[in-house]
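What follows is one structure encoded as structure tokens, with my remarks underneath.
The values are calculated or read from the model by the stated rules, or taken from the named source; none is laboratory data. All values derive from a computational prediction rather than experimental measurement. Cβ placement follows ideal geometry from the backbone for every residue including glycine, while neighbour counts extend to all protein chains displayed. These accessible areas exclude ligands, DNA and RNA; they are computed on the full protein's heavy atoms, side chains included. Shrake-Rupley method; radii C 1.70, N 1.55, O 1.52, S 1.80 Å.
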Amino acid sequence: MDLITIWFVLLAVLWAGYLITEGFDFGVGMLLPVLDRAPGDEGPERERRRRTMLTTIGPHWDGNEVWLLTAGGATFAAFPHWYATMFSGMYLALLLLLVTLILRNMGLEYRHKRHDREWVRRWDLAIVGGSYLAPFVVGVALTNLVAGLPMTEHTMGSTVYTEFDGNLLSLFTPVAVLGGLTLTAACLTHGAHFLALKTTGDVRTRARSVATRSGLVTAVLAVVLFGWLGAQRGTTAAWVTMALAAVALLASIAANAKGAEGWAFVGTTTTIGLTVVSYFLMLTPNAINGRGDSPDLTLEAAASSPMTLEIMTWAAVVFTPIMLAYTAWTYWVFRRRLSVEHLPARPAVDAGAR
């Protein structure tokens, strides 16, 4: 296996790691206004439920975003032409993603800094809105790479290079929008499984109920998306991984119905991971597929020099195990379930919550 292929595989691993770990973060954020209420609840209990849900991701969410930063940095260093084409062609969409993530992260950091109701409400809007919008934009962007972008070839001297030739609206094709909706639904289901695994009491029960319904919606969307992309770009290997992803999703729904939250979470983890693998299998040997008669941007044309890739490979050999070990350690330390009773009331906020 040459270095170009190795780094293409590593990018797939990084994207899978990001969507698996940040995926349940997004799901928890989406579920804040859904799981915070129960019949007969008063304001204080609703606020404590929200704080319980946010506490489950509190030790992890900022570390989970390292996967995205590393994926971006690795693309820049290993495949600079890929990076340049994406960030020029999808500039406004990626800027929207960046602003969304910043506002969402500010909400996670600042909602507890003051205890008045309006302050908390506004940051909750940032958390919930960002948790819906971010996976949608990521899903649209990744699906566009596979389904194809409008591209043109240019010549500078003796060098032929491929560039994006479209606008913001050309990114929002029906299949790309479907990809965004599917990833959003998958993250919601993944987050519900995570909450069911990490909480007790009413939050756990209601998270399981939501996971069943959202899981079925995700399954329908995924089947349509896989069929659409497979018909355009499918290979034998991609069809196999897409079929396995669908089976894993159905298995997660069945496990959730039986109360096996751990296996349900493993199921959606496997589904998201295999979906990323399927996307990259439908990309190879390209970095970006061309739309229609547009030329493709191949991995070979997008790659850095062999020396650059070799230096990066040795750096990855050293630092990747360290990152994985630290991540695994943090999840092990914070492995216990939480309940509303674990969090003390904050009267200044809770008394005014509605």
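A 1.4 Å probe, protein heavy atoms only, puts the accessible area of LEU103 near 80 Å².
Can you show me the helix-derived [θ] at 222 nm for the chain, built from DSSP H runs with n ≥ 4 at -39,500 (n - 2.57) apiece and divided by the number of residues, rounded to the nearest 500.
-25500 deg cm²/dmol
Given a 1.4 Å probe and every protein chain left where it sits, what share in percent of the accessible area of the chain is carbon and sulfur? In the chain, the share of accessible area belonging to carbon and sulfur is 69 percent. Based on protein heavy atoms only, the chain ends up with 46 Å² per residue of surface accessible to a 1.4 Å probe.
If you sort ILE6, ILE322 by accessible surface, 1.4 Å probe, largest first, the order is ILE322, ILE6.
Mind pulling the angle between the C-alpha long axis of helix 80-89 and the longest principal axis of the chain? Nearest 10 degrees, somewhere in 0 to 90. For helix 80-89, the angle is close to 60 degrees.
Model label sites at ARG213 and LEU250, defined 7 Å from Cα along the beta-carbon direction, differ in position by 2.4 nm.
The gain in end-to-end length when the PHE172 to ALA77 segment is fully stretched comes to 31.4 nm, 0.36 nm per residue minus the alpha carbon separation.
Taking only the C-alpha atoms of the chain, Rg followed by Dmax gives 21.2, 73 Å.
Applied to the stretch 292-307, the Karplus parametrisation 6.51 cos²θ - 1.76 cosθ + 1.60 on θ = phi - 60° returns per-residue 3J(HN,Hα) values of x, 8, 5, x, 8, 9, 7, 4, 4, 6, 8, 7, 6, 5, x, 5 Hz, with x for Gly and Pro. Computed on the stretch 138-256, the Cα convex hull volume stands at 132 Å³ per residue. Within the stretch 194-312, the proportion of C-alpha pairs whose separation exceeds 17 Å stands at 63%. When every Cα-Cα distance of the stretch 53-158 is counted in 10 angstrom steps from zero, the calculated P(r) takes the values 12, 37, 28, 15, 6, 2, 0 percent. Under the simplified labelling scheme, the PHE87-TYR326 pair shows an inter-label distance of 2.3 nm, with each label point 7 Å from Cα along Cα→Cβ.
Rolling a 1.4 Å probe over the protein heavy atoms leaves HIS193 with an accessible area of roughly 0 Å². For the chain, modelled as a GNM whose springs connect Cα atoms under 10 angstrom apart, the maximal fluctuation among ARG48, ARG121, ARG104 occurs at ARG121. Solvent-accessible surface (1.4 Å probe) assigned to TYR132 amounts to roughly 90 Å². Projecting the Cα positions of THR189, ASN167, LEU229 onto the charge dipole of the stretch 112-235 (unit charges on Cβ atoms of Lys, Arg, Asp and Glu, taken about the Cα centre) puts THR189 furthest along the positive direction.
One decimal place: the segment ARG336-ALA243 gains 30.1 nm when fully extended, by the rule 0.36 nm per residue minus the C-alpha distance.
The stretch 96-149 and the stretch 247-263 have their alpha-carbon centroids 28 Å apart.
Quick one: among VAL318, VAL120, VAL223, which has the greatest mean-square fluctuation in a GNM of the chain with alpha-carbon springs under 10 angstrom? Largest GNM mean-square fluctuation: VAL318. Projecting the Cα atoms of LEU95, VAL120, TYR18 onto the charge dipole of the stretch 1-123 (Cβ charges, centred on the Cα centre) puts VAL120 farthest toward the positive pole.
Residues considered: LEU281, LEU181, LEU309. Largest GNM mean-square fluctuation over the chain, using C-alpha springs under 10 Å, is found at LEU309.
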